[in-house]
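The values are calculated or read from the model by the stated rules, or taken from the named source; none is laboratory data. None of the values given here were measured: they were computed from a predicted structure. Note that each Cβ is placed from the backbone with ideal geometry, even for glycine, and that neighbours are counted across all protein chains shown.
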Amino acid sequence: MTTQANGSALPPAYEPASVESRIYRMWEEAGHFQPKIDPDREPYTIVMPPPNVTGELHLGHGLEDAITDALVRWHRMQGDPTLWLPGEDHAGIATQNVIERELAKEGLTRHDVGREAFVERTWMWVRKYRSRIADQHRQLGASADWSRNTFTLDPQIVKAVRTTFVNLYEQGLIYRGLRMINWCPFHETALSDLEVDYEDIAAKLYYIRYPIVGEGGMPLPDYVVVATTRPETMVGDTGVAVNPADDRYEEKIGRMLMLPIIGREIPVVGDDAVKPEFGTGAVKVTPGHDPNDWEIGQRHDLPVIVAIDLKGNMNDEAGPYAGMSVDDARAAILRDLEDEGFLDHVEDYTHSVGVCSRCKTVLQPLPSEQWWLDVNKEYEHGHSLAGDAMRAVTEGRIGIVPQRFEKVYLNWMENIRDWCISRQLWWGHQIPVWYCENKHTTCQVNDLDKCPECGAAVRQDEDVLDTWFSSGLAPHADLGWPDDTDDLRYFYPTADMQMGYDIMFFWCARMIMFGLYNMRERGEERSMPFRHVLFHGLIRDAKGEKMTKSRGNVVDPLVAAATFGADAFRLAVLTGATLGADQKYSDDRLTSARNFANKLWNTARFVLMKVGDRRIKRPHPLDRETFALEDRWIMSRLEQLELDVDSLMKAYQLGECARQIEDFLRGELCDWYIEMVKPRLNEGDERPLKVLVHVLDHGLRMLHPFMPFVTEELWQTLREHLDDDMASQLIVAWFPKSGNNWKDAASETSIEHVIEVNRTIRNIRAEKKLEAGARPKVVLRASAYSAALKDTAAATNFTSRVELEVLDTSATIPAGEWAFGRVADTEVAVALPQVDAAVERARLEKELGESSGHAERLEKQLANETFRSKAPAHVIAGMEATLAETKDKVAGLRERLGSL
RNA sequence: GGGCGGUUAGCUCAGAUGGUUAGAGCGCUGCGUUGACAUCGCAGAGGUCACUGGUUCGAAUCCAGUAUCGCCCACCA
């Protein structure tokens with residue numbers, strides 16, 4: 001044998017820790033993450049969903065890296081100029097909160113330090129965490145272009161944000177207005193509808209008597225009972241509404257009621273929004289603290305009284321309850337109502353309340369001046385933000401994967417309302433609007449120091465924009481918009497986008513609206529931010545619970561990667577579920593993925609050991625004539641795999657694709673091909689080396705998008721032994737493209753048969769409890785497959801440890817003690833020391849039952865005229881072949897039963 | 001109140017355009033260290049594909065309905 005130096009040079013087990021950082025550095029230093037702009041080639045671009053700068057990457061980011069990197073590496077290996085554009089998000093509320101908590105440890109609030117110092121302090125935090133986040137991506141193998149890394153508060157993005165704002169403002173889509181908003185008393189800011197969660201709470205429905213006022217302002221003994229879950233808001237009541245069609249209250253409409261305790265007179269109004277069947281059919285109207293009541297108040301010109309302040313406490317409007325918290329005020333009011341006989345009765349009642357999606361504080365609906373984006377207004381004839389965003393999807397310019405999410409997207413977009421974009425925070429994009437003391441308002445991109453109209457000093461609007469306003473610009477802004485940059489011209493529109501389905505509305509929807517709007521000069525076919533958007537599911541813990549800090553079940557992807565290897569982590573999350581579906585995460589899956597990496601490692605180790613110091617030429621199609629049956633088989637199987645990989649990748653079936661490659665390498669290459677050719681290799685036959693090196697090379701290439709580190713490490717050694725035009729690194733090597741050179745259906749059928757025969761032999765060995773070390777004689781009697789069985793006899797002798805003799809059907813099996821089996825046309829006889837006739841009979845009878853049942857079903861179907869006329873020919877032919885084989889088998893079984 | 005998804009082996013999940021006896025990993029049982037790999041190999045047990053009805057020559061796959069779990073949307077005083 002030749003030298004074993006190269007194979008033995010690899011340690012016997014794959015050790016990710018000793019490989020990953022070195023390999024990553026090698027890629028990055030070679031500049032492979034940075035695409036070269038080539039006008040003759042279509043680029044592949046994908047923008048990374050920017051993680052919040054507030055902290056660590058979680059499993060969701062790990063999954064995203066696995067998905068994106070697989071797509072990116074696949075395209076890069078196809079030769080596409082490939083750009084994966086990374087970034088981080090300033091994450092307004094989340095980040096501000098982190099810094100406020102830091103301050104709180106020093107006993108300070110943000111107001112103590114002031115806006116400027118607070119923002120500076122936040123920047124210090126950001127600088128520290130940004131590089132940390134990038135390092136975390138690196139550890140997972142993300143081949144993103146760090147030279148283009150973008151932060152959502154970079155000057156370039158500020159310019160993009162302001163330009164967008166100004167354009168929308170000038171077209172009247174952005175406006176400032178007094179509306180009912182969701183106010184979070186904890187964060188002390190307005191929120192958009194999307195940032196509201198609803199929680200069911202067990203509460204009470206309080207029925208309160210509102211006396212009717214007679215002539216002269218005196219309360220009458222008669223009263224109207226209203227039902228409310230929030231009695232404390234009655235201090236802000238300015239009316240009571242009933243349905244105008246409700247007979248019970250018909251004559252009450254227009255009369256005045258006396259607000260209990262407070263003593264204010266309020267009118268009864270008729271409004272269709274009131275449902276007669278709910279409660280008493282009469283509802284107290286508090287326009288200052290309820291969105292519905294706000295609407296009713298608008299319709300009936302009712303005054304608005306705001307009685308709750310921005311921290312959730314009662315203000316002076318609450319009279320005797322001023323200064324109390326909402327909860328205290330509720331208790332006090334109920335006590336007073338009861339004391340004075342106004343509380344009619346109380347019922348248990350479960351309803352949902354809006355809470356802040358971040359801190360779960362119960363939100364206060366308040367009328368407030370905020371900035372809004374009107375997504376339905378036409379900015380040009382026939383064009384609105386939401387309308388364009390819907391059409392891009394319905395007309396197929398943007399594809400949603402999986403497609404079922406299309407409906408969710410469209411349904412949301414159809415019902416979308418104006419977006420509250422201002423936040424009362426300090427960290428973020430400050431609104432580019434300036435006011436002067438003469439009430440002039442200026443909205444412009446550049447900073448302003450004096451009023452262009454009157455020259456007076458100006459003050460910038462203090463609010464900042466919703467974080468998603470800037471994220472929504474990502475694809476074009478990250479590429480340089482509003483400037484006309486090379487990147488923007490070349491890489492926009494981006495190809496794919498990928499995110500968890502949970503941020504479809506927050507992010508995907510906004511990117512589509514903003515992209516189409518800002519890039520509209522490009523025309524419909526080139527203005528969309530991306531051509532496909534992929535929605536992946538959430539990763540839950542092993543019990544299916546959502547991973548949250550409070551549950552303490554959060555898994556750090558870097559710990560997983562450090563324990564099992566980044567490749568194992570990536571493979572595990574990628575194959576854990578299909579796109580769009582949630583997956584449960586457990587170490588078991590990581591373990592098997594790690595084991596596969598090790599299996600691959602040892603496969604390569606074996607091949608390299610056998611190759612020694614040779615340089616191998618790839619198999620040429622002309623070699624087929626000289627190749628053994630199993631050589632032709634594995635080459636044919638490889639070619640089929642390449643075809644399947646191509647179509648699966650194109651269909652974004654990444655998990656299925658990885659699984660199929662793994663199945664091939666494990667189940668066909670390792671389990672069968674390698675085992676079968678060992679005897680030939682031992683005899684110095686070098687043909688299998690050609691095949692082994694080629695198949696391993698292609699396998700590593702195809703697996704690289706999924707398991708980049710181990711494949712690159714192995715390929716670095718393998719390439720030294722392949723006499724071919726090779727790239728220096730696998731990351732930029734060509735991806736196997738399926739040709740039609742090796743497809744060989746006959747070889748596939750033959751080897752499948754040989755494998756089944758081997759399985760049957762082994763099965764008999766195990767069932768008959770033959771000595772593991774024994775080499776029993778085996779006689780095969782076959783017709784059509786006899787040549788294949790003879791060709792592979794040496795292999796079978798080796799892999800199943802037998803002494804094989806292949807006979808034609810004309811020959812008879814010699815006398816002696818045999819255990820019999822059958823595979824299609826092949827009768828398998830394994831020599832036995834002795835046979836237990838009863839056990840053998842039982843086994844044969846069971847098998848006979850199964851086989852004759854199968855034959856009957858086939859016969860019945862084949863006898864069916866409709867089937868014969870409608871089914872495709874290959875199905876019928878296949879079934880007939882199976883029937884023939886099954887009949888042979890039945891005959892054989894009967895014969896053997898008879899001879900027992 | 002609308003909408004969506006899941007329900008396949010003990011567990012976690014695959015099964016594209018319907019097609020011959022439904023797969024993998026883990027777990028389980030038995031055997032095994034034949035120089036790539038015990039992070040391994042071989043063999044085996046284990047499934048009426050949630051249920052009912054329909055379409056079809058043929059259904060895990062398509063249609064309708066039911067059950068159950070989960071999710072999303074919606075201004076339920």
Counted residues, the stretch A:534-559 - those being away from RNA strand B (no atom under 16 Å from the Cβ) and within 25 Å of A:K650 (Cα to Cα): 0
Unmet requirement for A:K284, which otherwise passes all of (1) surrounded by fewer than 16 Cβ atoms within 10 Å (Cβ to Cβ); (2) within 15 Å of A:Y249 (Cα to Cα); (3) of a type outside the set (S, T, N, Q); (4) more than 45 Å from the chain's Cα centre (by Cα): (1)
Subset of the stretch A:590-626 [near RNA strand B (Cβ under 6 Å from one of its atoms) and either in contact with a His (Cβ under 8 Å, 6 or more places away or on another chain) or farther than 27 Å from A:R687 by Cα (or both)]: A:S592, A:R594, A:N595
Of the criteria (1) within 12 Å of RNA strand B (Cβ to nearest atom); (2) free of Cβ contacts under 8 Å to residues at least 24 places away in the same chain; (3) at negative phi, which one A:A774 fails: (2)
From A:E756, A:E752, A:E805, residue being under 28 Å from A:P833 (Cβ atoms), of a type in the set (D, E, K, R) and within 16 Å of RNA strand B (Cβ to nearest atom): A:E756
Selection within the stretch A:507-553 - in a helix (DSSP H, G or I), surrounded by fewer than 18 Cβ atoms within 10 Å (Cβ to Cβ) and not basic (K, R): A:E521, A:E524, A:E525
Per-region count, the stretch A:663-687, residues under 19 Å from A:R615 (Cα atoms) and near RNA strand B (Cβ under 10 Å from one of its atoms): 2
Leading residue by the ranking (nearest to A:E232 (Cα to Cα)) among those in the stretch A:315-326 that are out of contact with any strand residue (DSSP E or B) (no Cβ under 6 Å at 6 or more places or on another chain) and surrounded by 12 or more Cβ atoms within 10 Å (Cβ to Cβ): A:V326
Only listed residue being in contact (Cβ under 8 Å) with a residue 12 or more places away in the chain and within 11 Å of RNA strand B (Cβ to nearest atom), chosen from A:E195, A:E170, A:E188: A:E195
A:A855 being in contact with a His (Cβ under 9 Å, 6 or more places away or on another chain), in contact (Cβ under 8 Å) with a residue 12 or more places away in the chain and within 12 Å of RNA strand B (Cβ to nearest atom): no
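Every residue, every condition in (1) touching a residue at least 12 places away in the same chain (Cβ under 8 Å); (2) buried (at least 22 other Cβ atoms within 10 Å of the Cβ); (3) away from RNA strand B (no atom under 16 Å from the Cβ), yes or no:
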position	(1), (2), (3)
A:Y14	yes, yes, no
A:K36	yes, no, yes
A:I46	yes, yes, yes
A:D65	yes, yes, yes
A:E88	yes, yes, yes
A:Q96	yes, yes, yes
Selection within the stretch A:823-861 - at pLDDT 85 or above and either of a type in the set (K, R) or under 46 Å from the mean Cα position of the chain (by Cα) (or both): A:V823
Every pair of residues 6+ apart whose Cβ atoms lie under 6 Å, when the first sits in the stretch A:516-537 and is β-branched (V, I, T) while the second is crowded, with 20+ Cβ neighbours inside 10 Å: A:V533/A:I400; A:V533/A:M497; A:V533/A:C508
Candidate set: the stretch A:297-309, residues that are in a loop (DSSP other than H, G, I, E, B) and out of contact with any strand residue (DSSP E or B) (no Cβ under 7 Å at 6 or more places or on another chain); chosen: the one surrounded by the most Cβ atoms within 10 Å (Cβ to Cβ): A:I305
Tabulated pairs, the stretch A:575-597, first within 15 Å of A:E656 (Cα to Cα), second within 7 Å of RNA strand B (Cβ to nearest atom) and of a type in the set (S, T, N, Q), C-beta under 6 angstrom, 6+ apart or interchain: A:G576/A:Q583; A:A577/A:Q583
Count of the stretch A:777-802 residues which are crowded, with 22+ Cβ neighbours inside 10 Å, touching a residue at least 60 places away in the same chain (Cβ under 8 Å) and touching a Pro at 6+ places or on another chain (Cβ under 7 Å): 1
Hits in the stretch A:111-124 (condition: part of a helix (DSSP H, G or I) and surrounded by fewer than 18 Cβ atoms within 10 Å (Cβ to Cβ)): A:H111, A:D112, A:V113, A:R115, A:E116, A:A117, A:E120, A:R121, A:W123, A:M124
Test: residue in the stretch A:641-655 that is more than 10 Å from RNA strand B (Cβ to nearest atom), surrounded by 17 or more Cβ atoms within 10 Å (Cβ to Cβ) and small (G, A, S): no
Count of residues meeting criterion [surrounded by 15 or more Cβ atoms within 10 Å (Cβ to Cβ) and near RNA strand B (Cβ under 8 Å from one of its atoms)] in the stretch A:838-852: 1
Some residue of the stretch A:135-156 being closer than 30 Å to A:R73 by Cβ, surrounded by fewer than 16 Cβ atoms within 10 Å (Cβ to Cβ) and within 27 Å of the chain's Cα centre (by Cα): yes
Hits in the stretch A:700-742 - residues which are surrounded by fewer than 16 Cβ atoms within 10 Å (Cβ to Cβ), more than 30 Å from A:S21 (Cβ to Cβ) and either of a type outside the set (G, A, S) or touching a strand residue (DSSP E or B) at 6+ places or on another chain (Cβ under 6 Å) (or both): A:D723, A:K737, A:N740, A:N741
